[in-house]
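The values are calculated or read from the model by the stated rules, or taken from the named source; none is laboratory data. Please read all numbers here as calculations on a predicted model, not as lab measurements. No Cβ is skipped: glycine too gets one built from the backbone with ideal geometry, and neighbour counts run over all protein chains shown. Heavy atoms of the whole protein, side chains included, go into the accessibility calculation; ligands, DNA and RNA do not. Shrake-Rupley method; radii C 1.70, N 1.55, O 1.52, S 1.80 Å.
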Amino acid sequence: MIPVDQTSFGPDGNCFSACVASILELPIDAVPPFHGDGWWARFVDWCAGRDLYPIFIPRDHDTLQPGRAPGGFTMVGGPCMRNGERSPRLHECVALDGKIVHDPNPCRNGLIEIKDFIVLVPLAKIESRR
């Protein structure tokens, strides 16, 4: 993981793209913005082109035991503080084994709480056998 900072802020901010770029060790301009209607489908397609598949895990998911988190580098989303107040928008950071290790916003406030995880799983090519 190489930390990459977001370059745009607000409703069209690119914190999510910065987290993807950080985990995949890409420059920020190599990752498109993923927000607005249909963002998840566009993200899945973009990941597929890199032999990856994103898995979204809500923190309160019944199979995620309390005190447990996906291992390795993941993206984590949740509310954050901006200008001394809780932001109305969710924010994305990078975690390692469930602990935030990079906030792409230069203020580095992190998250108030983690609401979800996104894990990037590598896809293997399967040879067909006859």
- Would you pick out the residues in the stretch 82-104 that are at pLDDT below 95 and closer than 15 Å to Gly13 by Cβ? Arg82, Asn83, Ser87, Pro88, Arg89, Leu90, His91
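For (1) within 19 Å of Val31 (Cα to Cα); (2) assigned to a loop (DSSP other than H, G, I, E, B); (3) among the acidic types (Asp, Glu), each residue gets a yes or a no:
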residue	(1), (2), (3)
Asp60	no, yes, yes
Pro70	no, yes, no
Thr74	yes, no, no
Cys93	yes, no, no
Pro104	yes, yes, no
Gly110	no, yes, no
Ile114	no, yes, no
- Residues located in the stretch 1-25, provided they are over 21 Å from Pro79 (Cβ atoms), without any contact (Cβ under 8 Å) to a residue 24 or more places away in the chain and open to solvent by 50 Å² or more (accessible area, probe 1.4 Å): Ile2, Thr7
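Across the stretch 31-57, what is the total count of residues that are of a type outside the set (A, V, I, L, M, F, W, C) and open to solvent by less than 40 Å² (accessible area, probe 1.4 Å)? Walk me through how you get there before you give the answer.
Taking the stretch 31-57 and keeping what is of a type outside the set (A, V, I, L, M, F, W, C), we get 32-33, 35-38, 42, 45, 49-51, 53-54.
If we keep only those that are open to solvent by less than 40 Å² (accessible area, probe 1.4 Å) too, we end up with 54.
Count: 1.
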- Item | Breaking point among (1) closer than 15 Å to Val121 by Cα; (2) part of a loop (DSSP other than H, G, I, E, B), for Ser8 | (1)
- Which numbered condition Ile112 misses (of (1) in contact with a strand residue (DSSP E or B) (Cβ under 6 Å, 6 or more places away or on another chain); (2) farther than 23 Å from Thr7 by Cβ; (3) of a type in the set (A, V, I, L, M, F, W, C); (4) surrounded by 14 or more Cβ atoms within 10 Å (Cβ to Cβ)): (4)
- Item | Residues within the stretch 31-55 that are in a strand (DSSP E or B) and within 21 Å of Gln6 (Cα to Cα), tallied | 1
- Search result, residues across the stretch 85-109 that are open to solvent by 70 Å² or more (accessible area, probe 1.4 Å) and free of Cβ contacts under 8 Å to residues at least 40 places away in the same chain: Glu85, Arg86, Pro88, Leu90, Asp97, Lys99, Arg108, Asn109
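Being among the acidic types (Asp, Glu) and more than 19 Å from Thr7 (Cα to Cα) is the filter here, so list the residues in the stretch 70-109 that pass it.
Residues of the stretch 70-109 among the acidic types (Asp, Glu): 85, 92, 97, 103.
Residues satisfying the conditions are Glu85, Asp97.
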